[in-house]
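K.L.:
Right, I'll just put the structure down here and ask away after.
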Amino acid sequence: MSKLSPIRFIINPTSGPRNKVDVAARINLLLDQTKYKPDIVYTTHAGHAPELAREAAEAGYEVVVAVGGDGTMNEVAKGLLHSDTALGILPRGSGNGLARHLQIPLQLDKAILALNNGVKSRIDSGSINGHPFFTTAGIGFDAYISSVFAGNKKRGLQTYVELILKEIRKYKHLPVTVTINGQSISTDCFVMAFANAAQYGNNAYIAPLADIRDGLLDVCLIRQLDFVKALNLSYCMLAKQLANADSAEYFKTTNVEIETEEPMMFHADGEFIGKAKQFEVQTLPLSLHVILPST
Ligand SMILES: Nc1ncnc2c1ncn2[C@@H]1O[C@H](COP(=O)(O)OP(=O)(O)OP(=O)(O)O)[C@@H](O)[C@H]1O
């Protein structure tokens, strides 16, 4: 008999749709247990998942599966960075940016079945002031929204869109100095997004050309925003198109340095981190193993 591969599922019990299904029961029913030996654990608090993931990587688990949204995926992946253990994803969030980019099924049963014939691959990650990210990080308005969203009891796409529409008129761009590809630019900054994956989640493409294995970050700089530009940007993000140069500028790079006069908010994978006046953003090529559905 061939040796079973140890696989750990880390479930964030606070994420996912309100009509809770018993995820552990679905895993026990659908996972190929002639291939995998599963172990299912639950987080008890924010910041618990990296510990559970690191512990599994150190114990030689083949795969650790994040069960939750992009916040949970970020925490699990953080614990697996630079190890040989691969990240699997059962998407249970409202945005699911990484799962969508990697074409992992969004439906729970299909995502579990996809693990059975999954193939191992590697992807890049990014880091913003030492905080790892796997989909996008950013400074400015997107980080501000992540901070407001974090304090909001209601989750989901509708709440997110309502928040953006409410806050967008109030938020003001700030002056920054950006060093990118050997060039220094002094500019206003409404949003500067650093994309490892192409989308924020919900198929909102902030960087349609981003390739998660090219060793590069796709940077999208939106200097200022008015009503017309906001319309153009929203359309382009949903249509997976680059916005016109008046609205946004795009760069591919390995690293970016930013200095600001006033502290600016920043996020990693949609999780608000804090404020800073200096930022160092870089890519870590092929630093994470992942399990992808076989095609
Ligand atoms: N047991 C727990 N109790 C409270 N918070 C937790 C727990 N486990 C994880 N978290 C935190 O929950 C946060 C949100 O998780 P996640 O993004 O996966 O779910 P979500 O908010 O439902 O999804 P989305 O962001 O797509 O709406 C993460 O920042 C994580 O640190």
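K.L.:
I'd like the residue in segment 1-19 that is of a type in the set (S, T, N, Q) and part of a loop (DSSP other than H, G, I, E, B) and, out of all such residues, is nearest to Asp84 (Cα to Cα).
P.N.:
Within segment 1-19, the match that is nearest to Asp84 (Cα to Cα) is Ser2.
A quick yes/no check of all residues on (1) away from the ligand (no atom under 16 Å from the Cβ); (2) part of a helix (DSSP H, G or I); (3) on the phi > 0 side of the Ramachandran plot:
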| site | (1), (2), (3) |
| --- | --- |
| Val21 | no, no, no |
| Ile27 | yes, yes, no |
| Glu51 | no, yes, no |
| Asn74 | no, yes, no |
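K.L.:
Also, quick follow-up: Say whether the condition of being of a type in the set (Gly, Ala, Ser), more than 22 Å from Leu98 (Cβ to Cβ) and either outside the structural domain of Ala99 (by TED's automatic domain parsing) or open to solvent by less than 40 Å² (accessible area, probe 1.4 Å) (or both) is met by at least one residue in segment 264-272.
P.N.:
no
K.L.:
Based on what the data block shows, is Ile89 under 18 Å from Ala197 (Cα atoms), assigned to a strand (DSSP E or B), among the β-branched types (Val, Ile, Thr) and open to solvent by less than 30 Å² (accessible area, probe 1.4 Å)?
P.N.:
Answer is yes for this residue.
K.L.:
So, Glu55, is that one of a type in the set (Asp, Glu) and either within 12 Å of the ligand (Cβ to nearest atom) or more than 20 Å from Ile27 (Cα to Cα) (or both) or not?
P.N.:
yes
K.L.:
Say whether the condition of being touching a residue at least 24 places away in the same chain (Cβ under 8 Å) and over 30 Å from His289 (Cα atoms) is met by at least one residue in segment 152-166.
P.N.:
yes
K.L.:
Within segment 167-206, which residues are free of Cβ contacts under 8 Å to residues at least 60 places away in the same chain and in contact with a His (Cβ under 7 Å, 6 or more places away or on another chain)?
P.N.:
Asp188, Phe190
K.L.:
I'm trying to understand the selection: among the residues of segment 240-263, which are open to solvent by 40 Å² or more (accessible area, probe 1.4 Å) and not charged (D, E, K, R)?
P.N.:
If the condition is that a residue be open to solvent by 40 Å² or more (accessible area, probe 1.4 Å) and not charged (D, E, K, R), then Gln241, Leu242, Asn244, Ala245, Tyr250, Phe251, Thr254, Asn255, Pro263 are the ones that fit.
K.L.:
A further question on this structure: Could you go through segment 29-37 and let me know if any residue there is more than 10 Å from the ligand (Cβ to nearest atom), more than 17 Å from Pro293 (Cα to Cα), assigned to a strand (DSSP E or B) and not assigned by TED's automatic domain parsing to the domain that holds Lys240.
P.N.:
Among the residues of segment 29-37, at least one is more than 10 Å from the ligand (Cβ to nearest atom), more than 17 Å from Pro293 (Cα to Cα), assigned to a strand (DSSP E or B) and not assigned by TED's automatic domain parsing to the domain that holds Lys240, which makes the answer yes.
K.L.:
Of the residues that make up segment 160-180, is at least one more than 15 Å from Glu271 (Cα to Cα), open to solvent by 30 Å² or more (accessible area, probe 1.4 Å) and within 19 Å of the chain's Cα centre (by Cα)?
P.N.:
Yes, segment 160-180 contains at least one residue that is more than 15 Å from Glu271 (Cα to Cα), open to solvent by 30 Å² or more (accessible area, probe 1.4 Å) and within 19 Å of the chain's Cα centre (by Cα).
K.L.:
Working only within segment 117-148, note down all residues that are open to solvent by less than 20 Å² (accessible area, probe 1.4 Å), touching a residue at least 60 places away in the same chain (Cβ under 8 Å) and in a helix (DSSP H, G or I).
P.N.:
Phe141, Asp142, Ala143, Ser146
K.L.:
Let me ask you something else. Residue by residue through segment 169-224, note down the ones that are among the polar types (S, T, N, Q), assigned to a strand (DSSP E or B) and either out of contact with any Phe, Trp or Tyr (no Cβ under 6 Å at 6 or more places or on another chain) or assigned by TED's automatic domain parsing to the domain that holds Arg100 (or both).
P.N.:
Those that are among the polar types (S, T, N, Q), assigned to a strand (DSSP E or B) and either out of contact with any Phe, Trp or Tyr (no Cβ under 6 Å at 6 or more places or on another chain) or assigned by TED's automatic domain parsing to the domain that holds Arg100 (or both): Thr177, Thr179, Gln183, Ser184, Ser186, Thr187.
The values are calculated or read from the model by the stated rules, or taken from the named source; none is laboratory data. Only a predicted model underlies this, so the values are computations on that prediction, with no experimental measurement involved. Methodologically, a virtual Cβ is constructed for each residue, glycine included, from the backbone with ideal geometry; neighbour enumeration extends over all protein chains shown. Surface areas here come from the heavy atoms of the whole protein model, side chains and all, with no ligands, DNA or RNA. Shrake-Rupley method; radii C 1.70, N 1.55, O 1.52, S 1.80 Å.
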